[in-house]
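Reading through the structure tokens given below for one structure.
The values are calculated or read from the model by the stated rules, or taken from the named source; none is laboratory data. Nothing here was measured: the structure is a model prediction, and the numbers come from that model. Counting neighbours? That spans all protein chains shown, and the Cβs are built from the backbone with ideal geometry, glycine included.
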Amino acid sequence: MVNIRRATISDLMLMQHCNLNCLPENYNLRYYLYHGLLWPQLLHCAEIPGKGKIVGYVLAKMEDEDGDAPHGHITSISVMRTHRKLALASNLMHASERSMVENYGAQFCSLHVRETNTAAKHLYAQTLGFLKADQEKGYYADGENADYMKMPLSPPMFPHPHAEIQRRREEEQRRKAEEARRVKEAAEATRSEASKDEAGQAQEKPAKGDHAKVPKKKKH
Ligand SMILES: CC(C)(COP(=O)(O)OP(=O)(O)OC[C@H]1O[C@@H](n2cnc3c(N)ncnc32)[C@H](O)[C@@H]1OP(=O)(O)O)[C@@H](O)C(=O)NCCC(=O)NCCS
């Protein structure tokens, strides 16, 4: 059995070990620590319970530069060869995406993938629903191009496992949507009142050339 759980700082070395086994893109421990300290909710690992062995991980962060909507970015994900095709990567991705939405209000998730990485591209596009948004030429150190992929995220995609809590969440969302609708309607009503007033004032104001019709004030 393998557990997917949130990673802690003490898991980082084993996550790095998994990365070194699976990918040519490697990072020093400081980079793992940077993710773990800034976005602790987004790091997840696949662990064999009782053995202290980590067979998969996802390293992710939040980004909001360039005036973009807040969004999560997958820095790295891998699963040991011995444990592939068991839906571990799919579940690690789901866990991280859920945390992006619940903790940071992420509106989408982005990532880079090698053009030739068939397994990862299947995972992202077919299993998870990512779409290619761009191509970044020579993105990788060996000159290979990257596909830049994105997937929209929203709270309804991650229902709570307990029905009662989910019901309360939905009620709260409906209440917020209703409140937003009322505020919007009130703002529109105020705007249309203001424009009616302006139109009325414009009618009362004499047009150019109408001065002759305005009775002149008597001089005393
Ligand atoms: C890519 C990787 C993370 C997938 O991990 P995994 O745990 O085996 O993936 P899952 O079991 O969740 O499978 C997800 C989907 O991908 C498919 N898939 C997995 N490996 C595949 C392969 N080699 N070729 C084609 N499809 C593959 C699965 O069949 C599944 O498809 P389905 O949902 O249609 O049934 C893993 O192969 C890996 O660690 N590769 C090396 C590191 C890497 O490339 N990371 C990505 C960097 S961008």
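Taken over region 149-192, the residue count meeting the criterion of being under 30 Å from TYR139 (Cβ atoms), assigned to a loop (DSSP other than H, G, I, E, B) and touching a helix residue (DSSP H, G or I) at 6+ places or on another chain (Cβ under 6 Å) is 2.
Selection of region 1-12 for residues being surrounded by fewer than 12 Cβ atoms within 10 Å (Cβ to Cβ) and at pLDDT 95 or above yields ASN3, THR8, SER10. Residues of region 45-65 that are within 13 Å of the chain's Cα centre (by Cα) and either surrounded by 21 or more Cβ atoms within 10 Å (Cβ to Cβ) or under 19 Å from LEU86 (Cα atoms) (or both): ALA60 alone.
Under the condition of being on the phi < 0 side of the Ramachandran plot and within 10 Å of the ligand (Cβ to nearest atom), the residues counted in region 71-87 number 11. Inside region 97-120, residues that are more than 16 Å from the ligand (Cβ to nearest atom) and assigned to a helix (DSSP H, G or I) make up a count of 6. Residues in region 30-39 that are more than 15 Å from the chain's Cα centre (by Cα) and closer than 22 Å to SER90 by Cβ: 1 in all.
Would you point out which residue out of LEU43, LEU59, LEU23, LEU29 is over 19 Å from ALA120 (Cα atoms) and at pLDDT 95 or above? Of LEU43, LEU59, LEU23, LEU29, the one residue that is over 19 Å from ALA120 (Cα atoms) and at pLDDT 95 or above is LEU29. Out of the residues in region 13-44 that are under 15 Å from VAL79 (Cα atoms) and crowded, with 17+ Cβ neighbours inside 10 Å, state the one that is nearest to the ligand (Cβ to nearest atom). Checking each candidate, the answer is CYS22.
Determine, yes or no, whether GLY72 is outside any helix (DSSP H, G or I), of a type outside the set (S, T, N, Q) and within 20 Å of the chain's Cα centre (by Cα). Give the steps one after another, and end with the answer.
Details: outside any helix (DSSP H, G or I): yes; of a type outside the set (S, T, N, Q): yes; within 20 Å of the chain's Cα centre (by Cα): yes.
Yes, satisfied.
Residues that are within 10 Å of the ligand (Cβ to nearest atom) and closer than 17 Å to PRO70 by Cα do not occur anywhere in region 121-143.
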